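We did not get these values from a lab; they are worked out from the coordinates using the rules stated. A quick note: this is a predicted structure, and the numbers were derived from the prediction, not measured. Virtual Cβ from ideal backbone geometry, glycine too; neighbours counted across all protein chains shown.
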Amino acid sequence: MKGAIGAVMTKRTRARDYLLMIAGSFIMGFAIKNIYDQAGLVTGGVSGVAIIMKEKLGLPLWCTNTALNIPLFLIALKMKGWGFIKRTIVATGALSLSLYIIPEISLIPGEDLLLTALFGGLISGVGTGMVFMAQSTTGGTDMLAALIQKKMPHYTIAQIMQVLDALVVLAGAAVFGIRSALYALIAIYALARVSDGLLEGLKFSKMVLIISDRYQTIAEAIMEEMSRGVTGLDATGMYSGEGRQMLCCVVSKKEISQLKELVRSFDGRAFVIVSDVREVLGEGFIEY
């Protein structure tokens, strides 16, 4: 019975991943075709090369994207096997299809490059984050970097990708001018922030560490007045050599002021450390 339930859950998860991949790829395709291409913003990757090739040779975006990825997939299949490319090939195919079938729509005036960069980064960041959430990529420089890293293991994939994308951006600067390239950097930054936000979670919270001699009273007050859990950690003061309890508590952003006031009301000399928490899963926060 458990095996059957697990198989159903696996199928649902796989179906969800492929839906995320396809939807994310189409969102990326929309941003590439109707925002970046129309403004001449080259943000790296095969899509950036496709924009350059369209400007110089008149080749359709989908054609260049497909033509450049086919040899990469064949090499990856030989070097790393089907398991490495099976998800990526779906996302890459969906991106090429989106570049082919999505109609061209003029959304932003071509001279407003700042709005183009920010809006393009936002939309493509959402699409990229969705593809990454499905544990896939859209091929291109991601796959090329993985293949190069196999031959040059002393470099990380991230380092190789940065070099490859930088070369594409420089090529874009040569074609569309340095002004467009600088705005492309803004788009790249916005894309990274949005996609990271989707991957890491958008429900930010605060983690608080409290060191006080009245730890028991403070812990009870937090649990009773704020209905938040508290964990006691064994700690030792390295200067005094004395052992004590350090309290750890996670609260929402709007509760942090209440928590600090509560601690201060019991011990004005308490040592309180507040840090940002990207995502919290569990009771009282985001449910699994």
Angle between the chain longest axis and helix 2-31 axis [Cα atoms, degrees, rounded to 10] | 60 degrees
Could you work out how far helix 113-133 tilts from the main Cα principal axis of the chain, as a 0 to 90 degree angle to the nearest 10?
-> 70 degrees
Which angle between 0 and 90 degrees, to the nearest 10, do you get for helix 61-80 versus the longest principal axis of the chain when only C-alpha atoms count?
-> 70 degrees
Just grab the label-to-label distance for M79 and Q258, each label 7 Å out from Cα along the Cβ direction, in nm (one decimal).
-> 5.5 nm
Starting from the range 183-241, pick out the trypsin sites (Lys or Arg not before Pro) whose DSSP state is loop and whose Cβ has at most 11 other Cβ atoms within 10 Å.
-> none
Starting from the Cα of S106, move 7 Å in the Cα-to-Cβ direction to define the label point; list residues of the range 14-53 whose amide nitrogen is under 16 Å from there.
-> 34-40
Of the chymotrypsin sites (Phe, Trp or Tyr not before Pro) in the range 206-269, those whose Cβ has at most 14 other Cβ within 10 Å and which sit in DSSP loop | Y239
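Within the chain, which is the longest segment that contains none of the GluC sites (Glu not before Pro) sitting in a DSSP loop with at most 14 other Cβ atoms within 10 Å?
Numbers: sites that count: E104, E111, E242, E279, E283, E287.
Between the exposed loop sites, the longest stretch runs 112-241.
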Please identify, among S25, S227, S240, the residue showing maximal mean-square fluctuation in a Gaussian network model of the chain using a 10 angstrom Cα cutoff.
-> S240
Whole-Hz Karplus couplings 3J(HN,Hα) for the range 218-225, θ = phi - 60° and coefficients 6.51, -1.76, 1.60, Gly and Pro as x, run 5, 4, 4, 5, 4, 5, 7, 7
